[in-house]
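First the structure, then my questions, so here it is.
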Amino acid sequence: MPGPKISVAMEHYDRHLPLLEGVVQGEGFELDALHVSTEGGRHERMLHERAWDAAELSLSSYLMAKARDAQLTAVPVFPRRLYSQSQMYINVNCGIKSPKDLIGKRVGLRSYQTTLSVLAKGDLGREYDVPLDQVTWVTSSDEPVPFQTPSGVRIERADKSIETMLVEGEVQAYMTPRMPRAFVNGAPQVARLFGDARAEEEAYYQRNGFYPIMHVLAVKPEVVAETPGVASGLMKAFEQSKEICYDYYSDPNWSHLAWGPHQQVQERNIMGADPWPNGVARNRANLERFIQYELDQGLIDRKLEVDELFVESTLDT
């Protein structure tokens with residue numbers, strides 16, 4: 001008998017393909033891997049409906065929900081990561097040459113609590129000395145978890161597309177987890193804040209020693225209680241899937257990128273053989289930094305401890 005079926009909603013990343021294709025299975029349970037995108041409401045459905053046994057979830061929203069005693073826990077698997085520096089875009093006609101030029105400007109965000117938004121705001125303050133209350137933040141989406149806006153912080157709701165506002169100069173910058181369509185299409189008004197974002201991110205890694213976490217694998221506590229070994233089993237399955245994915249790239253044509261293998265070698269020389277580490281120990285500093293960003297930005301009202309975020313049996317990983 002394969003054991004109980006455990007539904008897990010996730011994005012269609014290369015590192016998840018072995019799970020979604022059924023190449024990797026659970027041990028002691030049947031893993032029902034489901035492709036559910038953020039556009040399909042994965043975050044909101046897990047937060048508000050607990051729609052699956054487990055799901056890839058925004059780290060920011062998970063921390064906010066955890067601080068509000070939501071019936072969710074997590075295992076230390078981190079399916080999505082991004083550096084903020086490549087995700088900062090500007091209107092080139094607005095006199096922005098460096099991060100400090102954002103002071104006094106209007107900056108677009110998907111939402112104030114989107115994980116990339118929190119990371120970008122936090123990095124601007126900590127790494128580049130741009131205070132949170134010296135920028136007007138303009139959001140385009142509803143906030144998944146309610147919060148109290150910090151004193152002195154200005155948040156406005158856009159009445160049209162943030163990308164249109166960026167091109168027209170109504171917002172002078174935009175922090176977003178996906179490349180703006182105007183940038184992809186080569187609109188001359190839009191560029192990255194950092195001319196050499198790759199070099200800026202390498203410097204960030206050298207200073208801090210981590211690739212920032214965006215998502216975590218959230219789990220229903222009752223599933224953990226009712227299915228012994230499910231937490232470690234999920235960790236093992238995601239780790240196996242990642243290792244299989246790494247092996248894909250031994251074929252130089254697995255990716256459509258002609259120089260992808262060269263980029264992989266360069267990346268490993270800087271970030272090591274596994275830039276996507278799971279487990280608590282290797283991610284503690286990464287998580288502690290993000291928790292502090294959430295506290296500083298008024299999204300949580302107490303400083304969460306890393307160990308309270310995860311299933312107890314996974315804390316020694």
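The values are calculated or read from the model by the stated rules, or taken from the named source; none is laboratory data. This one's a predicted model, so the numbers in the text were calculated from it and none came from an experiment. When we count neighbours, we look across all protein chains shown, and the Cβ atoms used for this are built from the backbone with ideal geometry, even at glycine.
Any idea how many residues of region 180-200 are in contact (Cβ under 8 Å) with a residue 40 or more places away in the chain and under 16 Å from S140 (Cα atoms)?
The total comes to 1.
While we're on this one: Looking only at strands (runs of 3 or more DSSP E) that fall completely inside region 136-218, which ones have 2 or more residues that are basic (K, R)?
The qualifying strands (runs of 3 or more DSSP E) are 154-157.
Further, regarding this structure: Exactly one condition in (1) of a type outside the set (K, R); (2) assigned to a loop (DSSP other than H, G, I, E, B); (3) buried (at least 22 other Cβ atoms within 10 Å of the Cβ); (4) out of contact with any strand residue (DSSP E or B) (no Cβ under 9 Å at 6 or more places or on another chain) is false for V130; which is it?
Single failed check for V130: (3).
Return only the number of the condition from (1) farther than 21 Å from G22 by Cα; (2) surrounded by fewer than 16 Cβ atoms within 10 Å (Cβ to Cβ); (3) of a type outside the set (F, W, Y) that A197 does not satisfy.
All conditions are met except number (2).
Listed residues A225, A218; which is surrounded by fewer than 16 Cβ atoms within 10 Å (Cβ to Cβ), aliphatic (A, V, I, L, M), assigned by TED's automatic domain parsing to the domain that holds D53 and at pLDDT 95 or above?
Testing whether each residue is surrounded by fewer than 16 Cβ atoms within 10 Å (Cβ to Cβ), aliphatic (A, V, I, L, M), assigned by TED's automatic domain parsing to the domain that holds D53 and at pLDDT 95 or above leaves just A225.
For region 34-55, which residues satisfy the criterion of being under 17 Å from K5 (Cα atoms) and crowded, with 22+ Cβ neighbours inside 10 Å?
Within region 34-55, W52, D53, A54, A55 meet the criteria.
If you don't mind, another one. If you scan region 280-289, which residues turn out to be under 16 Å from the mean Cα position of the chain (by Cα) and either assigned by TED's automatic domain parsing to the domain that holds G122 or surrounded by 16 or more Cβ atoms within 10 Å (Cβ to Cβ) (or both)?
Hits for region 280-289 are N283, N286, L287, R289.
One residue is enough: does region 290-300 have a residue meeting the conditions aliphatic (A, V, I, L, M), over 23 Å from the mean Cα position of the chain (by Cα) and outside the structural domain of P146 (by TED's automatic domain parsing)?
no
Among the residues of region 67-96, count how many are among the aliphatic types (A, V, I, L, M), part of a strand (DSSP E or B) and closer than 30 Å to E222 by Cα.
Selection size over region 67-96: 2.
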